[in-house]
Each structure stands twice: as C-alpha cells, then as structure tokens.
C-alpha cells in the first residue's frame, strides 16, 4: 500500500505516485530541467507528468532550439 495518492500522468496516463509533499523523493525530481524547459512544459501541461514524459519533453525542447 502506498502512502501517497496515485495519479495519472497528464501526458501518457501512466499511474504515478504523487509526492508533492516530499518533492525530493518524487520520481519527477530525477529529471533536472532548466527554467526555460519548465516554462516550455508548463505552457503545454498543467498537471503532474511522469519522469519519462518529462525527459521526452526536455528532448523535444532541446531539438526545437536546433532548428
């Protein structure tokens, strides 16, 4: 049994354990984002995202800078 709420990733729907009150233990804290990457992602999504989606969006943002 988990201590935290299981919520769907807003992008892919995968169930993730929300640890907003323990951010350093949350799976999303594994992805280190720059302020510009955070801004980009926040323009697309309002809710929580899984680490996999955060990594994919980070790469998408970086690829857009190369154009």
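The values are calculated or read from the model by the stated rules, or taken from the named source; none is laboratory data. As the structure is a prediction and not an experimental result, all values here were calculated from the model. Every residue, glycine among them, receives a Cβ derived from its backbone with ideal geometry; neighbour counts consider all protein chains shown.
Assorted remarks:
- The residues of the stretch 1-37 that are at pLDDT below 95, in a helix (DSSP H, G or I) and within 28 Å of residue 65 (Cβ to Cβ), listed by number, are 23, 27, 28, 29, 30.
- Which numbered condition residue 61 misses (of (1) under 10 Å from the mean Cα position of the chain (by Cα); (2) surrounded by 17 or more Cβ atoms within 10 Å (Cβ to Cβ)): (1)
- Residue pairs whose Cβ atoms lie under 7 Å apart, sitting 6 or more positions apart in sequence or on different chains, and linking a residue in the stretch 39-63 that is at negative phi to a partner that is assigned to a helix (DSSP H, G or I) and loosely packed, with under 12 Cβ neighbours inside 10 Å, are 51/30.
- Among the residues of the stretch 14-38, those that are closer than 23 Å to residue 61 by Cα, more than 12 Å from the chain's Cα centre (by Cα) and free of Cβ contacts under 8 Å to residues at least 24 places away in the same chain comprise 34, 35.
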